[in-house]
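Step one of this worksheet: look at the structure below.
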Amino acid sequence: MEIKSKIVLGSITLDQQQRELLNQKFRDQQVLVTIEKLPLKRSEALSRYYYGVVVSKYWLPLFKELADEKEKMLHNKESTHYWLTKQYSPVQRKNPMTGEIEIVGSLQRKMTNDQLQDHISKCVQGYLAETGEMIPPPNYF
């Protein structure tokens with residue numbers, strides 16, 4: 001069983017529903033409790049930098065510049081982000097329809113700060129390799 005909670009002044013805090021569930025399953029029993037720190041969620045500033053600068057200001061215009069008129073209609077922030085994740089942060093998954101393993105882009109919303117920072121770094125290096133131009137670093141530090 002897995003329960004998310006906080007530690008406040010050295011004690012695990014549980015809401016009423018969590019207490020009832022534990023009481024139902026383990027009343028008067030000894031249990032082994034393992035505690036792990038939850039990974040940090042990505043910061044809003046990092047996400048804004050990725051979508052606002054890396055994707056929208058640099059990669060999307062590059063795609064539109066290289067595309068023909070029909071393709072320009074297909075390029076938007078989401079398709080650019082998907083291409084970048086597939087290119088620089090690919091993951092394997094099983095296709096539910098065919099059962100085959102395929103390479104897809106990782107979900108940015110599920111990335112931790114470290115994973116997103118690594119993805120951004122790869123995107124910046126890729127852009128430099130493609131254009132010779134460096135994407136400026138974020139200014140929120």
Give the residues of the range 1-38 that are charged (D, E, K, R) and under 29 Å from the mean Cα position of the chain (by Cα), sorted by residue number.
-> Glu2, Lys4, Lys6, Asp15, Glu36, Lys37
Residues located in the range 65-77, provided they are surrounded by 11 or more Cβ atoms within 10 Å (Cβ to Cβ) and either in a helix (DSSP H, G or I) or at pLDDT below 85 (or both) | Leu66, Ala67, Glu71, Lys72, His75, Lys77
Within the range 3-43, of all residues that are touching a residue at least 60 places away in the same chain (Cβ under 8 Å) and part of a loop (DSSP other than H, G, I, E, B), the one surrounded by the fewest Cβ atoms within 10 Å (Cβ to Cβ) is Leu40
Please enumerate the residues belonging to the range 91-141 that are under 18 Å from Glu78 (Cβ atoms), free of Cβ contacts under 8 Å to residues at least 40 places away in the same chain and either in contact with a Gly (Cβ under 6 Å, 6 or more places away or on another chain) or assigned to a loop (DSSP other than H, G, I, E, B) (or both).
-> Ser106, Leu107
Of the residues in the range 88-121, those that are surrounded by 15 or more Cβ atoms within 10 Å (Cβ to Cβ), at pLDDT 85 or above and under 19 Å from Trp59 (Cα atoms) come to Tyr88, Ser89, Leu116, Gln117, His119, Ile120
The correct count of residues that are at pLDDT below 90, farther than 27 Å from Asp114 by Cα and touching a helix residue (DSSP H, G or I) at 6+ places or on another chain (Cβ under 8 Å) in the range 1-42 is 1
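The values are calculated or read from the model by the stated rules, or taken from the named source; none is laboratory data. Everything numeric in this text was worked out from a predicted model, so none of it was measured. Neighbour counts run over all protein chains shown; Cβ positions are idealised from the backbone, glycine included.
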